[in-house]
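What follows is one structure encoded as structure tokens, with my remarks underneath.
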Amino acid sequence: MERIDHIGFGNLRLIQDTNAFCYGVDAVILAHFAAGFCKPAVKALDIGTGTGVIPLMLSHMCGASEIVGVEIQERSFELANRNVSLNGLDGKLRMVRGDIADAGLLQDENGSFGLIVSNPPYVKKSSGMTSGADAKMIARHETTAGLDAFVETAARLLKPMGSFCMVHRPDRLVDIFDSCRKHRLEPKHMRLVSPDRSKAPNIVLIHCVKHGGPNLTLFKPLYVYDESGEYTTEINEIYER
């Protein structure tokens, strides 16, 4: 079943399939985080874009000249294209269907992006994963491409000194840093996100720079909910941006 959600950010609308993976606060805070590193007129790329929600939000939040989204799943790719048209952004947003593990993906655009973002699957691939994974499992688990493939693709497509921003889980930080440094993406900024002040962080935002020097800055923690169970002031300000 499909529904159209009004997601804010300049009255953007998003078609979603309620039987598949629907976007959450992870995508919103990633788009906001990445927009802070988006230089005017750069080309931006979202790898693993799903229904295109992050490119849609970035189109409102930053001054990128063009925003490209890559998605492997046919149904999500179809919805992403429809979302671009629904919001009248055909001239600014472009969707590409492909597997980021394919070395030939966007090969003619190697080194052309100034900003790359990704909300990759969080769960590490296990030997028990089935080949008939559904859309929700593909979105959450490393079924077709692992963490290193996302990082390697970002490194290949980024300009020197370009920015790579990713949202992931804190328990994968060692893997993330190891992969980023291996591919010459130096971690520069990190922010931990907690459901509320009483809970441990369950999300991490990371900003890397291609060929950047070693110097990691830790931003103040972000809390999603306040004591009453409502969004915190900072989360509401992100949605109202």
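The values are calculated or read from the model by the stated rules, or taken from the named source; none is laboratory data. Please read these numbers as outputs of a predicted model, since none were measured by experiment. Ideal geometry is used to build each Cβ from the backbone, glycine not excepted, and the neighbour counts take in all protein chains shown. Surface accessibility is based on the protein's heavy atoms, side chains included, excluding ligands, DNA and RNA. Shrake-Rupley method; radii C 1.70, N 1.55, O 1.52, S 1.80 Å.
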*Conditions: (1) under 17 Å from the mean Cα position of the chain (by Cα); (2) in a loop (DSSP other than H, G, I, E, B). His207 meets all but one. Number of the miss?*
(2)
*Within the stretch 77-95, is there a residue that is without any contact (Cβ under 8 Å) to a residue 40 or more places away in the chain, surrounded by 21 or more Cβ atoms within 10 Å (Cβ to Cβ) and assigned to a loop (DSSP other than H, G, I, E, B)?*
no
*Out of Ile138, Ile100, report the one residue that is open to solvent by less than 50 Å² (accessible area, probe 1.4 Å), assigned to a helix (DSSP H, G or I), out of contact with any Lys or Arg (no Cβ under 6 Å at 6 or more places or on another chain) and modelled with pLDDT under 95.*
Ile138
*Within the stretch 36-59, can you find the residues that are in contact (Cβ under 8 Å) with a residue 60 or more places away in the chain and outside any loop (DSSP other than H, G, I, E, B)?*
Lys43, Ala44, Leu45, Asp46, Ile47, Ile54
*Which numbered condition His183 misses (of (1) surrounded by 14 or more Cβ atoms within 10 Å (Cβ to Cβ); (2) touching a strand residue (DSSP E or B) at 6+ places or on another chain (Cβ under 8 Å); (3) modelled with pLDDT of 95 or more)*: (2)
*Looking at (1) touching a Leu at 6+ places or on another chain (Cβ under 6 Å); (2) part of a strand (DSSP E or B), can you tell me which one Ala31 breaks?*
(2)
*Working only within the stretch 103-123, note down all residues that are in a strand (DSSP E or B) and of a type in the set (Gly, Ala, Ser).*
Gly114, Ser118
